[in-house]
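Bear in mind these aren't lab numbers, they're just calculated from the coordinates by the rules spelled out. Since the model is a prediction, treat every value here as computed from it, not as a measurement. Ideal geometry is used to build each Cβ from the backbone, glycine not excepted, and the neighbour counts take in all protein chains shown.
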Amino acid sequence: MSTAPAPGADRSTDSYLPEHGNGGYRVTHYDLDLDYQVGPNRLGGHARIAATATQPLLRFSLDLGDLRVRRVQVDGKPAKYTHSGGKLRIRPQRPIADGARFRVEVRYSGTPAPISGRWGEIGWEELTEGSMVAAQPIGAPSWFPCNDHPADKATYRVSFTTASPFSVQVTGNPRSQKRGGSTTTHVFERPEPTSTYLMSVQVGLYDEVELGSGEVPQRAAIPARLAGAFAHDFGRHGEIMDFLRELFGPYPFGEYVVVVTDDDLDDPVEAQGISIFGANHVDGRRTHERLVVHELAHQWCGNSVGLADWRHIWLNEGFATYAEWLWSERSGGPTAQQHAADWHARIAGDLVIADPGVDRMFDPQVYKRGAITLHALRHELGDRPFFALLHRWATDHRHGTVSTSDFTALAAEFGVPGGFFTAWLHEEELPPLPA
């Protein structure tokens, strides 16, 4: 067998963030045992990672932030490693053959902190009483070793132990709680393929309340002081869930959880099966209901239907923004046409949203022009075919990864000419809005 080092082992194929993610293998499962002390913000972790080599490997790497690595094993045997610059570089005792399954164990500990980048600090953050993880797009390595690329989806089991008074919400379905002395161990499982940036941990002094009734279990973890305002602001959540299921098909996960932190947040953040809002997003007047819709819509568009590469991010944000407009139309607010006309008059039209560039991947035009593009497509097709297309998109690609070309290929099946998307997605100039 010929074995060579993995070319670009420390880099992924992502066109925007090649320094996040790694070559030479795909992860199939993460098993994380975590022990967390809230006061000193201390985390101890034991990660067991199952992976499959996609080429012969003499070495490989994982993404991991500023945490101390204590031991690394590959297939049960100690492995040599170095850890610097956010990369844990591992050389196993024996080469790994192309196509071989292998298992990595990493024991680590330290004070988790967000990872600095062009968007500020992303990842594990301390709150006034507790902590939270908002990992999009580069924050996952702030709390566990991983292959941090959106297309490398895996299943998860997470065991999280902390002081018993604290509520713990982790991406995944709750499986068990076991109290021992002053701590409680919470076990969660995420059986659906999940991107690393969509894994989250939320720790706080929260009350758990029902979020909505219906076929999909919906609950929330909130500060007690916000109970009244929350009940009003999220009072239509069951209706919103039913509406989005009508648009996109069956809800793709086992349950949906909303966490409201006792601190203010700049923006809400979605994880897989969880959305996180700040206390400032709950005011008792439904001021931010559009954000409630936006984050829930991401469960289909962005989470279940994930990205092959960050340059396709309009598929996440354009769809979630258009879901806001459709809910507004359904619930008696401004129509989607009114929203589209308003934003068409406001955005600059100086961005190619199918490839906005890494510095502008979260530009408002990615969100708003993405939604306007979908509205123009609705005009092009008519309502019945358009909504059939939305449903097909979310169900055909359920738990998969997609690119812009996948969407345009589906639209072509509905008779949409390629020139339509050339103007809306691949050119800077903003086309006229259909009347």
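Which FRET efficiency value, to the nearest 0.05, do you get for GLU413 and GLU246 by plugging their Cβ-Cβ distance into 1/(1 + (r/R0)^6) with R0 = 30 Å? Mind showing how you got there, number by number?
Values: r = 21 Å, r/R0 = 0.72.
Efficiency at R0 = 30 Å is approximately 0.90.
If you rank THR111, THR184 by fewest surrounding Cβ atoms within 10 Å, what's the result?
Working: THR111 13, THR184 18.
Sorted ascending by nearby Cβ count, the order is THR111, THR184.
Where does the charge balance sit around PRO40 when Lys and Arg score +1, Asp and Glu -1, over other residues with C-beta under 14 Å from its C-beta? Result for the local shell: -2. For the chain, the pair-distance distribution built from all alpha carbon pairs, in bins 10 Å wide starting at 0, is 4, 21, 30, 26, 14, 4, 0 percent.
Extension gain for SER403 to ARG219 (0.36 nm times residue separation, less C-alpha to C-alpha distance): 63.0 nm.
Between TRP119 and SER84, the modelled labels are 2.9 nm apart [label points 7 Å from Cα along Cα→Cβ].
Between ARG70 and ARG285, what's the calculated FRET efficiency when r is the beta-carbon distance and R0 is 41 Å? Round to 0.05.
Working: r = 50 Å, r/R0 = 1.22.
Taking R0 as 41 Å, the efficiency between ARG70 and ARG285 is 0.25.
In this structure the amide hydrogen of TYR16, modeled in the peptide plane, comes within under 5 Å of the amide hydrogens of TRP310, ARG311, none closer than 5 places in sequence on its chain. Karplus-based coupling profile of the range 165-171, in residue order and whole Hz: x, 8, 6, 10, 10, 10, 3, with θ = phi - 60° in 6.51 cos²θ - 1.76 cosθ + 1.60 and x standing for Gly or Pro. Summary value for the chain: 11 percent relative contact order, contacts being C-alpha pairs under 8 angstrom separated by 6+ residues.
Which of the three applies to the range 307-425, rounded, prolate or oblate, going by the alpha-carbon gyration tensor with a ≥ b ≥ c and a/c under 1.5 meaning rounded?
Values: a/c = 1.41, a/b = 1.04, b/c = 1.36.
Verdict is rounded for the range 307-425.
Highest mean packing first, where packing is the average number of other Cβ atoms within 10 Å per residue, the peptides 10-22, 143-155 line up as 143-155, 10-22. Remark on ARG157: its backbone amide H falls under 5 Å from those of TYR30, ASP31, LEU32, ARG190, a criterion applied only to residues 5 or more positions apart or on other chains, H modelled at 1.01 Å from N. Its Cα centre serving as origin, the chain has a Cβ charge dipole (Lys and Arg +1, Asp and Glu -1) of approximately 1920 debye.
Magnitude of the Cβ-charge dipole of the range 25-203, K/R +1 and D/E -1, about the Cα centre, nearest 20 debye? List each step's numbers first, then the result.
Working: 23 positive and 16 negative charges, 167 e Å.
Around 800 debye, computed over the range 25-203.
In degrees from 0 to 90, rounded to the nearest 10, what is the angle of the helix 404-413 Cα long axis to the longest principal axis of the chain? Orientation of helix 404-413: about 40 degrees from the principal axis.
Going 7 Å from the Cα of ASP396 along its beta-carbon direction, which residues of the range 410-435 have the amide nitrogen within less than 15 Å of the resulting point? So the set is 410-418. Backbone phi angles across the range 75-91, fed through the Karplus curve with coefficients 6.51, -1.76 and 1.60 (θ = phi - 60°), yield HN-Hα couplings of 6, x, 10, x, 10, 6, 7, 10, 9, 7, x, x, 10, 9, 9, 10, 10 Hz in residue order; Gly and Pro are listed as x. With K and R counted +1 and D and E -1, the other residues having a Cβ less than 13 Å from that of ARG219 yield a net charge of -4.
Taking the chain, how many lysine pairs are there with alpha carbons less than 30 Å apart, if each pair must be eight or more places apart or span two chains? Can you show the working numbers first?
Numbers: LYS77/LYS87; LYS77/LYS153; LYS80/LYS153; LYS87/LYS153; LYS153/LYS178; LYS153/LYS368.
Lysine pairs meeting both conditions in the chain amount to 6.
Modelled spin labels at ARG94 and ARG42, positioned 7 Å past Cα toward Cβ, are 3.8 nm from each other.
Legend: ranking of residues VAL74, VAL38 from fewest to most surrounding C-beta atoms inside 10 Å; resulting order VAL38, VAL74. Dividing the mean sequence gap of close Cα pairs (under 8 Å, 6+ apart) by how many residues the range 307-425 holds gives a relative contact order of 34 percent.
When a footprinting reagent is the concern and you count Cβ atoms within 10 Å, what order do ILE347, ILE372 take, fewest first? Provide the component values of the computation, followed by the final result.
Numbers: ILE347 17, ILE372 29.
Ranked by crowding around the Cβ, least crowded first: ILE347, ILE372.
Taking the Cα centre of the chain as the origin and placing charges on Cβ (Lys, Arg +1; Asp, Glu -1), which of TRP300, PRO434, TRP424 is farthest toward the positive end of the dipole? Toward the positive end, the furthest listed residue is TRP300. Phi angles of the range 134-140 translate, via the Karplus equation with coefficients 6.51, -1.76, 1.60 and θ = phi - 60°, into HN-Hα couplings of 10, 9, 6, x, 10, x, 4 Hz per residue; Gly and Pro are given as x. Axis of helix 364-381 versus longest Cα principal axis of the chain: the two differ by about 50°, to the nearest ten degrees.
If you sort the three axes of the alpha carbon gyration tensor as a ≥ b ≥ c, you get a/c under 1.5 for the range 124-280, which makes it rounded.
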